[in-house]
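Please read the structure below before turning to the comments.
The values are calculated or read from the model by the stated rules, or taken from the named source; none is laboratory data. The structure displayed is predicted, hence computed values, not measured ones. For neighbour counting, all protein chains shown are included, and Cβ atoms are generated from backbone atoms with ideal geometry for every residue, glycine included. Please note that ligands, DNA and RNA were not included when accessible areas were found on the heavy atoms of the full protein model with its side chains. Shrake-Rupley method; radii C 1.70, N 1.55, O 1.52, S 1.80 Å.
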Amino acid sequence: MRAAFFVAFFLLSSFCIAQVSQRVRGVITDKESHVPLTGVAVSFTDIDGKPGATTDTNGQFVIEPVPVGKHALHVSYIGYRDVDISDVLVTSGKEVVLPLEMEESATKMQEVVVSVKKEHINDMAVVSTKTFDVQETERYAGSRSDPARMASNFAGVQGGDDSRNDIVVRGNSPQGVLWRLEDIDIPNPNHFAVPGTSGGPVSILNSKTLGNSDFFTGAFPAEYGNSTAGVFDVKLRNGNNEHYEATAQLGFLGTELAAEGPLSKKAGSSFLVTYRYSTLKLFEGLHIKIGTSSIPSYQDASFKLNFPLSKKANLAFFGIGGLSKIDLVVSDKTTPPDELYGESDRDQYFHSNTGILGGEFSYIINPSTYTKLVVGETGNEIGAHHDKVFRPNGHVDSLKSILDYTFGIVATVAHWYINKKLSARHTIKAGIMNDYYHLNLLDSSRQFPPTRPDWQHREDFKGGTDLLQAYIQYKYRPSDRMTLTAGLHGMYLSHNGSKALEPRAAMKWLASANNTATLGYGLHSQLQPLYQYFAHLPQNPASEMQNYNVDFTRSHHIVAGYDHRFSNTVHINTEVYYQYLFNVPVEIRPGSSFSGINQGSSFDRNFPDTLQNTGTGYNYGLELTVEKSFSHGYYLLFSGAVYNSKAKGNDGVYRNTDFNNHYAVNVLGGYELKLGKNSTLITGAKVTFAGGKLYSPGNVAASIALGDYVVYDTARNSLSLAPYFRTDLKLGVRINGKKISHEIAVDLVNVTNNQNELSYSFSWDAATAGQDPYIKQYQLGFLPLFYYRIDFGVGKKS
């Protein structure tokens, strides 16, 4: 009732003021050379009078006043491809600052109009690339302002696990996804991260700091290495360098503060900083189930400082960090509770800390050449302690420590590259990257079985290893209708001498103004989870690391695509792909069906037996996207994929991988209704339907003897859970005052409260009591996520 009164009060207030407007400004540069473009025409085509401006000698433009709402922007320049953006969001609380890039026409004075929602950030990207911005992370119902969960709406990308934001790209393990921030590779950017994974329950990345970013799903350009599945290339935006602005947000997932503004208006320097603290305890008071009876605690912060040194040089510093911990205590419960994030037979104390700090210097050497150097320090420290709870008569009898581990990995990283635009048709880019890993890995266990008296040491290593990467890539445009790229990527891992040389090539052909065909190939390699190189069998000394010399996993990617554009805002896209994975680690044990492809998607670490690089696998599939980007008050998106994913272990038999769900379909839509001149009703919906997760029948006798789930090798992934189905809704209102904007919304995740099946787990307690030891676990039920956000400016505008 109070919330309804609150919304009504602001709505009535907004009706009482005249049309509110805002300033829109930006800078436009050449996409290949990064040189500012002078005289570019910029205008809003859906506003009466089509207000616009032209860029000055610094490539900057200013348009004001622009009425609040979402508007269509058109950008044109003689000798360059036109750019159209259909959904520029203008609010009263914050200025709109648009950094835009334009691609020069290959044939002088001939213009080919490109009517797309947004261009790829990476100018070498041709196939299997999606570009996203902060609006998309917040627009789609159920995305929770999380880039990874947002990406699961794309064709060929599947989530399907409500407890984590792992993404399965074309049937590959989430472990194969590379995260990059400001041109350096970074560790898993999620709270409650587990070693060897790329996802987690909550992202550390704050959507309010993100600029336009690229997401690759296959055959990616040569500058990306150490990945066999996909790449998140995330960019941080600069803060407003002319006007101080702030954001405050209160929601079920956290309380957030953000601020930005000029450090020096004369020099054009700026700052951007955010902080978030979890408020999940609100769920407990409202009796909303979040998958655990414990209260997770996390906080994160990010910043970017930008210093233009001259028209040619720029210096910036950036960082993100997150602290998270949870105490999953079950010994104080009369009966073992259901735990989605852990096991119900033990007290678990877990923490995960991640930090990234870097500096970057870019310099325009001449009108056709620029260079950039990024150096940084990244790291994460993850640890856990488990106490087994014994309940022989249904009551807690005793506790026993059964697991202790602390994994610390700090990387000193550097990336230097140079880009040369030889002409409008020819561009070449080359670079070198180095990541030196400082490792401190400790692990001891006596949980297999839980009655085991002695500790088994599995990890005791302190040292380092170095990953060196280099690349060169070339783009040739014989005409405006044809783009060809080719490149070479090399990798070398110092501690065991693993090396790779990977060719890449792609083509894009604009058959007509509305039809585009693409084709791409790439060889891609990835090192194994670092902790697995330095683990040892419990019966061996720490110096005998059985998988120290395991080589890279490798994968051939072949992708072909077709895109037809019906209008500036409506298009259909389809891609077909084939991936062949080889050099995959498998166990040397005869008859083993284990494959390294089946790792990286849970809260567990994996300590395999002795491995050898003789495994193979393959993925193939067909993807379809039908999209109507935001215009005329609404957007629609259909994405679907059918695929097959197989892996072969040491037994020589191809079997389903853990991620072979066979199909996934998403249907999304949203409508925004103007309420008077200054307010907007926001609605959104999403329906997901996907194949059920696969699982393996358990070997009961072997499972009881070990104290953990042991599968029959001959029946791995032969069974399937029920198909996954979820419906999400989003309802909200955006209210613009004179100098402040409000947004109040609720995300209704799994609004039908569908009981989606997650997995089967093994209970040693149930087995020893003569009960069925295999327990079916379910995903999250209905989850309402509320937030209230205000944006406002401080002081007078320049």
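Largest to smallest in accessible area, the residues SER398, SER270 fall in the order SER398, SER270 (1.4 Å probe, all protein chains included). Solvent-accessible area of TYR476, all protein chains in place: 70 Å² (probe radius 1.4 Å, heavy atoms, ligands and nucleic acids excluded).
Once the Cα atoms of helix 2-15 and of the chain are each reduced to a long axis, what angle between those two axes, in degrees from 0 to 90 to the nearest 10, is obtained? Approximately 10 degrees, to the nearest 10.
Holding the Cα-Cα limit at 25 Å, pick out from LYS130/LYS266; LYS648/LYS693; LYS400/LYS693; LYS508/LYS646; LYS70/LYS628 the pairs that are longer than that. Violating the 25 Å limit, Cα to Cα: LYS130/LYS266; LYS400/LYS693; LYS508/LYS646.
Taking the inverse of the average 1/r across all pairs of different Cα atoms in the stretch 408-452, what Kirkwood radius in Å do you get? That comes to 15.1 Å for the stretch 408-452. For the stretch 137-236, the calculated P(r), taken from all Cα-Cα distances in 10 Å bins from zero up to the bin holding the longest distance, is 16, 55, 28, 1 percent. Size of the stretch 307-448 from its Cα atoms: along the principal axes, largest to smallest, the extents are 79, 29, 24 Å.
Considering only Cα atoms, the convex hull volume of the chain works out to 144 Å³ per residue.
Multiplying the residue separation of SER479 and SER310 by 0.36 nm and subtracting their alpha-carbon distance yields 57.4 nm. The spacing between the stretch 742-770 and the stretch 396-435, judged by their C-alpha centroids, is 33 Å. Computed per residue of the chain from DSSP H runs no shorter than four, each worth -39500 (n - 2.57), the mean residue ellipticity at 222 nm is -1500 deg cm²/dmol.
Between the stretch 653-721 and the stretch 149-168, the C-alpha centres lie 9 angstrom from each other.
Of the residues ASP30, ASP332, the one with the largest accessible area comes first in the ranking ASP332, ASP30, computed with a 1.4 Å probe on protein heavy atoms.
Net charge near VAL665, counting Lys/Arg +1 and Asp/Glu -1 over other residues with Cβ under 13 Å of its Cβ?
Combined, the nearby Lys, Arg, Asp and Glu give +1.
Accessible area per residue was computed with a 1.4 Å probe on protein heavy atoms; LYS325 scores about 100 Å². Ranking LEU501, LEU484 by solvent-accessible area of protein heavy atoms (1.4 Å probe, all protein chains present), from largest to smallest, gives LEU501, LEU484.
For the stretch 195-255, rounded, prolate or oblate, judged on the Cα gyration tensor with a ≥ b ≥ c (square roots of eigenvalues), a/c < 1.5 rounded, else prolate if a/b > b/c? Since a/c reaches 1.5 but b/c is at least a/b, the shape of the stretch 195-255 is classed as oblate. For the stretch 342-414, the convex hull drawn through the C-alpha positions has a volume of 85 cubic angstrom per residue. Annotation: ILE409 carries an accessible surface of approximately 40 Å², with a 1.4 Å probe and no ligand, DNA or RNA atoms counted.
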